[in-house]
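S.K.: This is the structure I have questions about; it appears just below.
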Amino acid sequence: MTQPRQRWVATVPPGSGRRTRPRRRLPYLGPPAYSSPPRWGFPALAWRWQTTIPGTAQNQPVTVDRVRAVAGHASAMMWALACLALVTAGGEVWRYVLLLRSRTGALSSRLVGASDAVVTVAGVLTLAFSVLAAVVTLWWLHLARHAAAELAGQRVGRPDWQVLVYLLVPGVNLAMAGVVLTELEHQVLHRPATERPRPTKPVVIWWAAWAAAGILFAVTVLWRFRDSVQSHADGILLSALTDLAAAAVAVLTALMVRRLSTLLAPVDPASVRYLRVIRVDGAPEPPLRATRLVPSRR
C-alpha cells in the first residue's frame, strides 16, 4: 500500500511582518549654501587613462608632444656627435701632418704624445656618444612611426622587430635605412596608403650620405690590415675622411629628425605666445548673489 504524497507549505505567521513606512519627501529648499567657502573638492590631477594601473597592459597612442620631446634630445645628441667627429678628424689630420714632418727631421715626444692623446680620447668619446645618439634616435623613430600612422589613419608599414633588423645588421642597413625613412615620410605627409612611397630630395641626400659613410667606414677597416708604411699613412687619411663623413651624417640626421617632427606637429607649443587678461574697461558690474547661511536639507 503506497503512502499518499505530502506537500509542505511554509507561510509567515500572522502579525510577524513589518510594514515599511513611506518615506516623507521634504520640500526643495534650493541649492546648498555654506557660511564659509568649502575646503573639499576634486584632487588637482591631470587627465589619466583608465589603463594606467601597475601591472596592466597600456595601449596608449603615442602623442606628438612625446615625439617632439624625444626629437629634441636626438637632434642635440647628433649635433654633439658631429662636433666630436670633427675633433677626431682634426686629430687625424694633425697626425698626418706630423707624419709628413717626420720625413725631414725628428719630432718632439710631447708633440707626438699630444697628437696621439687627442686622437684616442676623441675617438673613444665619438664611439661612445654615437652609440648613445643611435639609441635615442631609434627610440624617436619608433615613436614617430606610430604617431604618423595614428595621425594618417593607417597602420604601421612594418613591425618594429623588422625595422630593427633593417637598421642594425651591417650591410643591410645601408640599403634599407632609406626605405624605412621613406615609409615614415610617406605617412608623415599623409599620402594615400595605396600609393607607393617615393623619397623626397632631403631623404635622398641623407640616404646617399649614409651609404657613402658606411662604404667609407668598411674600406677604412679593411685598409688597416695592410702592413706597408704607405698603407698606414693612407689609413690615417681614410680615418679622417670617415670622421668627416660621420659628422656629415650626424648633421643630416639632426636636420631630418627636426624636419619630420615639424611635419608631424607644425605648431610648437613653446613658440606660442601666451596672453593674460590684466583688466577689463567699460564692462558692467556683475550682480552679487545673496549669501544664504542656512544649509539646505536633502
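The values are calculated or read from the model by the stated rules, or taken from the named source; none is laboratory data. What you are looking at is a predicted structure, and each value in this text was computed from that prediction instead of being measured. No Cβ is skipped: glycine too gets one built from the backbone with ideal geometry, and neighbour counts run over all protein chains shown. For accessibility, only protein heavy atoms count, side chains too; no ligands or nucleic acids. Shrake-Rupley method; radii C 1.70, N 1.55, O 1.52, S 1.80 Å.
S.K.: Inside the stretch 146-238, counting only helices (runs of 4 or more DSSP H) that do not spill past its ends, which hold 3 or more residues that are polar (S, T, N, Q)?
M.R.: Of the helices (runs of 4 or more DSSP H) lying wholly inside the stretch 146-238, those with at least 3 residues that are polar (S, T, N, Q) span 172-188.
S.K.: Further question on the same structure: Count, please, the residues in the stretch 258-273 that happen to be at pLDDT 65 or above and either within 30 Å of Pro31 (Cβ to Cβ) or open to solvent by less than 100 Å² (accessible area, probe 1.4 Å) (or both).
M.R.: We begin by selecting, within the stretch 258-273, every residue at pLDDT 65 or above; these are 258-266, 273.
This time we only want the ones that are either within 30 Å of Pro31 (Cβ to Cβ) or open to solvent by less than 100 Å² (accessible area, probe 1.4 Å) (or both), so: 259-265.
Qualifying residue count for the region: 7.
S.K.: Any residue in the stretch 274-286 that is at pLDDT below 85 and closer than 20 Å to Val64 by Cβ?
M.R.: The answer is yes, given that some residue of the stretch 274-286 is at pLDDT below 85 and closer than 20 Å to Val64 by Cβ.
S.K.: Determine whether Ala128 is open to solvent by less than 20 Å² (accessible area, probe 1.4 Å) and modelled with pLDDT of 90 or more. Show your work before the answer.
M.R.: Values: open to solvent by less than 20 Å² (accessible area, probe 1.4 Å): no; modelled with pLDDT of 90 or more: yes.
Against the criterion (open to solvent by less than 20 Å² (accessible area, probe 1.4 Å) and modelled with pLDDT of 90 or more), Ala128 does not qualify.
S.K.: Has the stretch 170-183 got at least one residue that is modelled with pLDDT of 90 or more and touching an Asp or Glu at 6+ places or on another chain (Cβ under 7 Å)?
M.R.: no
S.K.: Condition check: open to solvent by 20 Å² or more (accessible area, probe 1.4 Å) and modelled with pLDDT of 90 or more. Does Pro192 satisfy that?
M.R.: no
S.K.: Follow-up question, since we're still on this one. Specify which of the listed residues (Leu141, Leu86, Leu111) is open to solvent by less than 40 Å² (accessible area, probe 1.4 Å), assigned to a helix (DSSP H, G or I) and either in contact (Cβ under 8 Å) with a residue 40 or more places away in the chain or not charged (D, E, K, R) (or both).
M.R.: Just one listed residue meets the conditions, Leu141.
S.K.: If we keep just the residues of the stretch 195-207 that are of a type in the set (A, V, I, L, M, F, W, C) and open to solvent by 60 Å² or more (accessible area, probe 1.4 Å), which is farthest from Val249 (Cα to Cα)?
M.R.: Val204
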